[in-house]
Amino acid sequence: MENLELLEKRLGYKFKNRQYLIEALTHKSYNKPYNNERLEFIGDSIVNFAITMYLYKYFPDSDEGSLSKLRSSLVSQAGLYKIAEYLSIGRYILISDAEDRNQGRYKKSLLADSVEAIIAAIYLDSGENISIVQNVITSIYNAVFPNISLDTIFKDFKTTLQEITQSRFGVIPEYRVLSTSGPDHNKTFEIGVYIENRLYAVSTGKSKKNAEQQAAEIAIQKLDNEN
């Protein structure tokens, strides 16, 4: 395993019990009696809470809907993967030879899950001190996303929704034309977005593209409320 002191330096946190960190870096494919899945379970909730507080503090004038959508993007698989790249997690994870040959060190889902596990490891190692974890997460996110903007980060709601559904359900959303109305030169499209064959949102627009984007935005909000 690579020198964990370098990872601790990047994290801005030195472990008192490094076994927590080792477990957080251990994939289920590795031949050990433990892996990082339980830590990932804890870390998912901690990251969501920490980012919620982070956004509440740094965007005091933004409404709940905007903050929810921004949070969904930052804690999505794509957002966590960027954190993993910053921390060079792929160098440190413990995976089987077969998983290694299968490019496991570069898999976005595997690396994103490892980030959540590491955050949980810090939480437990610090004596469940959420303030310490909050400081670590804030520092890392400030480094990785120095110019977070509510005006630009959600230009493509369809991409954001796909990242969320792939991370949470392992599937991509499906867009279906539910109805059309109006003359050929001025049609209105009604689009539904389905996740695992369940209708999550419906929207209308003067083009399929616009209606799909609006439906994706609604679906993101609904998924965030369910989480």
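Derivation of every value follows stated rules applied to the coordinates shown; laboratory data play no part. The model shown is predicted, which means the values in this text are computed figures rather than measured ones. Counting neighbours? That spans all protein chains shown, and the Cβs are built from the backbone with ideal geometry, glycine included.
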Restricted to the range 1-23 and to residues being touching a residue at least 12 places away in the same chain (Cβ under 8 Å) and part of a loop (DSSP other than H, G, I, E, B), the residue nearest to residue 86 (Cα to Cα) is 12
Would you confirm whether any residue within the range 137-147 is closer than 15 Å to residue 69 by Cβ, in contact with a Leu (Cβ under 9 Å, 6 or more places away or on another chain) and part of a loop (DSSP other than H, G, I, E, B)?
yes
Would you be able to say whether some residue in the range 39-55 is within 29 Å of residue 99 (Cβ to Cβ) and either in contact with a Ser or Thr (Cβ under 7 Å, 6 or more places away or on another chain) or part of a loop (DSSP other than H, G, I, E, B) (or both)?
no
For the range 24-56 the number of residues that are in contact with a helix residue (DSSP H, G or I) (Cβ under 6 Å, 6 or more places away or on another chain) and touching a residue at least 24 places away in the same chain (Cβ under 8 Å) is 13
Every residue in the range 181-203 that is surrounded by 13 or more Cβ atoms within 10 Å (Cβ to Cβ), farther than 17 Å from residue 222 by Cβ and either of a type outside the set (Asp, Glu) or in contact (Cβ under 8 Å) with a residue 40 or more places away in the chain (or both), please.
187, 188, 189
